[in-house]
Amino acid sequence: MKYVLVTGGVVSGLGKGVTASSIGVVLKACGLRVTSIKIDPYLNTDAGTMSPFEHGEVFVLDDGGEVDLDLGNYERFLDVTLTRDNNITTGKIYQSVLEKERRGDYLGKTVQVVPHITDAIKNWIELVAVIPVDGKEGPADVCVIELGGTVGDIESMPFIEALRQLSFSVGRDNFCLVHVSLIPVLGVVGEQKTKPTQHSVRELRALGLTPDLLACRSAQPLLDTTKEKLSQFCHVPAGNILNIHDVPNIWHVPLLLRNQNAHFAILKQLNLLNVAAPPDLQEWTKRAETYDSLTNSVRIALVGKYVGLTDSYLSVVKALLHACIACSMKPSIDWIAASDLEDESAKLAPEVHASAWETLRNAKCVLVPGGFGDRGVRGMILAAKYARENNIPYLGICLGMQISVLEIARSVLGWENANSTEFDAETPNPVVIFMPEGSRTHMGSTMRLGSRKTLFQTPDCITSKLYRNSEYVDERHRHRYEVNPEVVGALEDAGLKIVGKDESGKRMEILELPSHPFYVGVQFHPEFKSRPGRPSVLFLGLILAATGRLQGYLKNYQNGF
């Protein structure tokens, strides 16, 4: 197995994930099979219990793993299906070591960070690296490892030491280190400063790792003098200093790497020049250039709880992007904090309230994504009601589906007190309830998670047609509340149709409003399986409906076009 390690220096949030994904894309374009591992040095066992404001969205994998959003980048860029073990955390490592200690596996030894924790990290990496993730048999050729955080962080020290040992044990020809760093420009001087990167590399070398390539983040392309200076003081050949400057969209990053011969430097370091072909990035180039050339846009109202940090809905944003490009449109997302739509907001902040409603009314479609807790729920219900009454295309995902059920129960059925037991445990009309198999005492990994089958109840519905009349669909889930089966009859009498259920036939998965041009709610998260060039069909349906092209699209499909 060959390893490419991507580390970061100076500051966090430099784009190590996109860099690691792009390296994978270029190597894959050379005909190599690639897998990925993300190391997160935090003590949490996984990302499942963390607030979206802390780390952005929680990405869900087929096997139910709740992981860092960077694994979403890997899946989208490399078109692979990763496992929960592809995300290593300090919590997972310590948990596995302590379980062994309790079993007596260490035979009375004093359990220490070195060698026990570092050995556990190395073993984990070596075991996960050989798991096939691209649907083929046998291990990949290259494993790209991203080390989260910044070099020098206390919590990442055991991982740095383990990776140093790994580089030594596998040999120089099997290990390549790419260090991502920042080249700032001070406003007054206007000079590209290399000192932060010099210090970052010095710190890394003091810990026993020497970078083979530098990936320098900057607003503008690096000057030749800057590269020479970095080469001289960081002991990296000038040809191995890559410049990842700001680009119109992240699909340009693999092209930037290709244009600077990053693949050649990495393949040479890994002794793979004889096996790899020249990188074929035609499709990727076309995708990046197509996006840049688009002029028409569609306005999408995204009504959510965590709009203060757009990374909270990263996969939703990417799925909208994939769908819009398939429709030759650019997405223009209007971020609306759900609480700003509520009546209380009109009293406390009338200007914000008025602006939120104006933004909603100007949108061509409405999307309500997932979330937890009661903050903003009334605003989401108002958004769903507005979309339903004004024939505005609406897509509700997870909580967004439950919101549409609450809205119809209150507005159409007249159940004023209809609610979810998540928001009001004593509600007289519980239309959304806690799932029987859930845990009320433990939060982590206790939801209904991962890829599960949804069976269509009828082919005569928009969702089934978008999924090409499949009998069922596999999509990823992340929820602990569900539509109450006892109220389904009343909801259907009110005009709502449950067109998708789980394999038991009792759990509601997909709902539609047949009298509406596009009013769809799904309990699963279709955004997690959306890919560039292969968008989620529900997001595609939303954008087609918003641009008045849905019926034509469905008719063309039925006629075999």
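For the reader, a short list of remarks on this structure follows.
- The set of residues from region 414-426 being surrounded by fewer than 18 Cβ atoms within 10 Å (Cβ to Cβ) and within 16 Å of Ala490 (Cβ to Cβ) comprises Gly414, Glu416, Asn417.
- Contacts under 6 angstrom Cβ, first residue in region 192-216 being closer than 20 Å to Asp153 by Cβ, partner of a type in the set (Lys, Arg), 6 or more apart: Gly208/Arg164; Leu209/Arg164
- Just one residue in the set Leu309, Leu314, Leu272, Leu302 is open to solvent by 10 Å² or more (accessible area, probe 1.4 Å), at pLDDT 90 or above, of a type outside the set (S, T, N, Q) and under 25 Å from the mean Cα position of the chain (by Cα); that residue is Leu314.
- Checklist (1) on the phi > 0 side of the Ramachandran plot; (2) assigned to a helix (DSSP H, G or I) applied to Val253, failing item: (1)
- Yes/no for Ala29 being modelled with pLDDT under 90 and touching a helix residue (DSSP H, G or I) at 6+ places or on another chain (Cβ under 9 Å): no
- Sub-7 Å Cβ pairs linking a first residue in region 143-171 that is more than 15 Å from Ala120 (Cβ to Cβ) and touching a residue at least 12 places away in the same chain (Cβ under 8 Å) to a second residue that is of a type in the set (Phe, Trp, Tyr) and not in a helix (DSSP H, G or I), at least 6 apart or interchain, are Cys143/Tyr3; Ile145/Tyr3; Glu155/Tyr42; Ser167/Phe175; Val170/Tyr3, ordered by first then second residue.
- Cβ pairs under 7 Å, 6+ apart, first in region 331-342 and open to solvent by less than 40 Å² (accessible area, probe 1.4 Å), second modelled with pLDDT under 95 and β-branched (Val, Ile, Thr): Ile336/Val307; Ala337/Val307
- Flag for Gly91 being closer than 28 Å to Val170 by Cα, among the small types (Gly, Ala, Ser) and not in a helix (DSSP H, G or I): no
- Selection count, region 4-22, where residues are open to solvent by 10 Å² or more (accessible area, probe 1.4 Å) and either assigned to a helix (DSSP H, G or I) or modelled with pLDDT of 95 or more (or both): 2
- Looking only at region 116-138, residues that are part of a loop (DSSP other than H, G, I, E, B) and either surrounded by 15 or more Cβ atoms within 10 Å (Cβ to Cβ) or of a type in the set (A, V, I, L, M) (or both) come to 3 in all.
- Here Arg172, Arg164 are screened, and the one residue that is open to solvent by 20 Å² or more (accessible area, probe 1.4 Å) and at pLDDT 95 or above is Arg164.
- The residue list Val97, Val80 contains one member that is closer than 30 Å to His245 by Cβ and either crowded, with 17+ Cβ neighbours inside 10 Å or at pLDDT 90 or above (or both), which is Val80.
- Scan of region 157-196 for residues that are touching a Gly at 6+ places or on another chain (Cβ under 7 Å) and assigned to a helix (DSSP H, G or I), ordered by number: Arg164
- Region 139-155, residues that are surrounded by fewer than 20 Cβ atoms within 10 Å (Cβ to Cβ), not β-branched (Val, Ile, Thr) and not in a loop (DSSP other than H, G, I, E, B): Glu155
- Of the criteria (1) polar (S, T, N, Q); (2) at pLDDT below 95; (3) open to solvent by less than 20 Å² (accessible area, probe 1.4 Å), which one Thr35 fails: (2)
- Residues (in a loop (DSSP other than H, G, I, E, B), of a type outside the set (Ser, Thr, Tyr) and open to solvent by 10 Å² or more (accessible area, probe 1.4 Å)) located in region 427-441: Pro428, Pro436, Glu437, Gly438, Arg440
- Qualifying position, being within 20 Å of Tyr3 (Cβ to Cβ), among the charged types (D, E, K, R) and over 15 Å from the mean Cα position of the chain (by Cα), among Lys100, Lys109, Lys92, Lys38: Lys92
- Any hit, region 519-529, residues being surrounded by fewer than 22 Cβ atoms within 10 Å (Cβ to Cβ) and not in a helix (DSSP H, G or I): no
Results for (1) at positive phi; (2) in contact with a helix residue (DSSP H, G or I) (Cβ under 7 Å, 6 or more places away or on another chain); (3) crowded, with 16+ Cβ neighbours inside 10 Å, shown as yes or no for each residue.
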{"site": "Thr194", "(1), (2), (3)": "no, yes, yes"}
{"site": "Ser200", "(1), (2), (3)": "no, no, yes"}
{"site": "Leu204", "(1), (2), (3)": "no, no, yes"}
{"site": "Asp224", "(1), (2), (3)": "no, no, no"}
{"site": "Ser231", "(1), (2), (3)": "no, yes, yes"}
{"site": "Pro237", "(1), (2), (3)": "no, yes, no"}
{"site": "Ile241", "(1), (2), (3)": "no, yes, yes"}
{"site": "Asn249", "(1), (2), (3)": "no, yes, no"}
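- Residues that are part of a loop (DSSP other than H, G, I, E, B) and among the aliphatic types (A, V, I, L, M), drawn from region 40-66: Leu43, Met50, Val58, Leu61
- Residues within region 365-411 that are open to solvent by 10 Å² or more (accessible area, probe 1.4 Å), among the small types (Gly, Ala, Ser), within 24 Å of the chain's Cα centre (by Cα) and more than 23 Å from Gly450 (Cα to Cα), tallied: 0
- Among the conditions (1) out of contact with any strand residue (DSSP E or B) (no Cβ under 7 Å at 6 or more places or on another chain); (2) surrounded by 24 or more Cβ atoms within 10 Å (Cβ to Cβ), the only one that Gly548 does not satisfy is (2).
The values are calculated or read from the model by the stated rules, or taken from the named source; none is laboratory data. Nothing here was measured: the structure is a model prediction, and the numbers come from that model. Reconstructed Cβ throughout: ideal geometry from the backbone, glycine too, with neighbour counts over all protein chains shown. Side chains included, ligands, DNA and RNA excluded: accessible areas come from the protein's heavy atoms. Shrake-Rupley method; radii C 1.70, N 1.55, O 1.52, S 1.80 Å.
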